[in-house]
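Colleague: Just passing along the structure, written as structure tokens.
The values are calculated or read from the model by the stated rules, or taken from the named source; none is laboratory data. None of these values were measured; they are calculated from a predicted model. In this analysis, Cβ positions are derived from the backbone assuming ideal geometry, glycine residues included, and neighbour counts consider all displayed protein chains.
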Amino acid sequence: MKKFDITLSPGKSPNGKISAISSKSELHRLIFCACLSDSPCVINMTPSVSKDIEATISCFRNLGAEITADNGKIEIIRPINTKYIASALSQNTELFCGESGSTARFILPLVSVLCKNGITLTGAGKLPERPFSDLCSCLEKQGAVFSSHTMPIKIIKPVLPSGTFEISGNISSQYLSGLLFALPFCPGCKIKLTTSLESSGYVNMTTDAMKKFGVSVKCENGIYYSLGKYTSPEEIKAGGDWSNAAFFLCAAKKISPVTVTDIDPESLQPDIKIIDILTQCGFKITKTANSVTVCRPESNRVFPFDIDAGETPDLVPILCVLAGTICGDSIIRNVSRLKYKESDRIHAVCSMINSLGGNACTDEKTIFIKGKGFFYGGTVDSFNDHRIAMSAAIASCFCKNPVTVTDAGAVSKSYPRFFEDFKILCGN
């Protein structure tokens, strides 16, 4: 990941249109399903491939899949061969997950079921510090043996699936998604949640992707089971990314509306909730079949908000910026899981807001922002976190002085062309 700092002029007024990049969350899921299918598949997407998606592609290549990614297409030319993975895959095989929690948590159950020769998952950045214990313990109850519950994780003995996988639903929805991807390879097995499920929208995205590849997932009383096997649709398209569109939509001003195109207003992505939040604050929203336009009202009178972020944790950084641009006290609840993101994101977002002259504090469960309608500017430590870097850039549009973002190259994790699109809307 290329490291660089960037200094942005204050008070820019974003105006115009940009095309949404393909959803990282959708791409992960489509690549998994395509690589587990019975025949080749082409996934159409925007030309820019993020570091997280590169990590998923790299892992499947190391499992024997043949994949190309170029010119707005990811082609799974040869999906994985489960018999090869079970018997011929080298014991020294390493699956490097980069900084992608989705890649690691999705693939660990899968290789624990399919791989008989042992395999090691490794990662970079904060990923080795992020939690895997609940997922490892769940798999160990089905016979797996791991070298550790933190990276590097070597699979010493595989899962011998029988009966029911039991997993918590309130630590990471990625645990459940990973088990769901593996479920079609565990005949007769089910998954039972031991707690309520948070970020359920991401699990819905997983089951929707599986359905597009021929696997039906049913849930009855918190117990999941699957029907069918992965079958390639030959060609499929990833939808536009609401998580990243949210940054620019929150930058809209009274006389400078922002339009994001190539995005589905009926998407299953949880972060589509940004439209409800902006509406609640008093922004003017216009939708078409594949675009959304946001503008502050003529009166410029917008309202603070009080929301639960349990289902939309990725929105929290840009929501903190939004709160700072609105006069009054905003509250963002249920943020405790953000401590284990690419940074300790609870601390990072409060640091960002306060570094810019705003007022943010936290009790580790809730973030409180006293907004005054603008920021002063200053230097923001991105903590090498893509969502902090992008949020700080958007904040510069509401600053009185320049903003310097350190480690701004972190945006390549999810949105490599972010600063190019920022320039399109805001100028240099």
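Colleague: Sort out which residues of the stretch 317-338 are of a type in the set (Ser, Thr, Tyr) and either on the phi > 0 side of the Ramachandran plot or crowded, with 20+ Cβ neighbours inside 10 Å (or both), and write them in order of number.
Modeller: Across the stretch 317-338, the qualifying residues are Thr325, Ser330.
Colleague: Can you list residue pairs whose Cβ atoms sit under 7 Å apart, with the first residue in the stretch 218-235 being touching a residue at least 12 places away in the same chain (Cβ under 8 Å) and in the same structural domain as Leu179 (by TED's automatic domain parsing) and the second being in a loop (DSSP other than H, G, I, E, B) and among the aromatic types (Phe, Trp, Tyr)? Count only pairs 6 or more apart in sequence or on different chains.
Modeller: Tyr230/Phe213; Thr231/Phe213; Ser232/Phe213; Pro233/Phe213
Colleague: Looking at the stretch 136-164, which of its residues are in contact (Cβ under 8 Å) with a residue 40 or more places away in the chain, over 23 Å from Arg61 (Cβ atoms) and outside any loop (DSSP other than H, G, I, E, B)?
Modeller: Cys138, Thr164
Colleague: Kindly check whether there is at least one residue in the stretch 75-92 that is small (Gly, Ala, Ser), more than 17 Å from Pro416 (Cα to Cα) and under 25 Å from the mean Cα position of the chain (by Cα).
Modeller: no
Colleague: Of all residues in the stretch 407-421, which are outside any loop (DSSP other than H, G, I, E, B) and in contact with a Lys or Arg (Cβ under 9 Å, 6 or more places away or on another chain)?
Modeller: Ala408, Gly409, Ala410, Val411, Ser412, Lys413 - these are the residues of the stretch 407-421 that are outside any loop (DSSP other than H, G, I, E, B) and in contact with a Lys or Arg (Cβ under 9 Å, 6 or more places away or on another chain).
Colleague: Identify all residues within the stretch 370-391 that are among the aliphatic types (A, V, I, L, M) and assigned to a helix (DSSP H, G or I); write none if there are none.
Modeller: Across the stretch 370-391, the qualifying residues are Ile388, Ala389, Met390.
Colleague: Go over the candidates Ala251, Ala245 one by one and state the one that is surrounded by 22 or more Cβ atoms within 10 Å (Cβ to Cβ), at pLDDT 95 or above, touching a strand residue (DSSP E or B) at 6+ places or on another chain (Cβ under 8 Å) and in a loop (DSSP other than H, G, I, E, B).
Modeller: Values: Ala245 fails: in a loop (DSSP other than H, G, I, E, B).
None of the others qualify; the one that does is Ala251.
Colleague: With the condition kept exactly as written, say whether any residue in the stretch 179-187 is touching a Lys or Arg at 6+ places or on another chain (Cβ under 9 Å) and without any contact (Cβ under 8 Å) to a residue 60 or more places away in the chain.
Modeller: So far as the stretch 179-187 goes, yes, one or more of its residues are touching a Lys or Arg at 6+ places or on another chain (Cβ under 9 Å) and without any contact (Cβ under 8 Å) to a residue 60 or more places away in the chain.
Colleague: Filter the stretch 312-362 down to residues that are among the small types (Gly, Ala, Ser) and either assigned to a helix (DSSP H, G or I) or within 22 Å of Ser100 (Cβ to Cβ) (or both), then give me how many there are.
Modeller: 7
Colleague: Is it true that Ile367 is within 24 Å of the chain's Cα centre (by Cα) and in a strand (DSSP E or B)?
Modeller: yes
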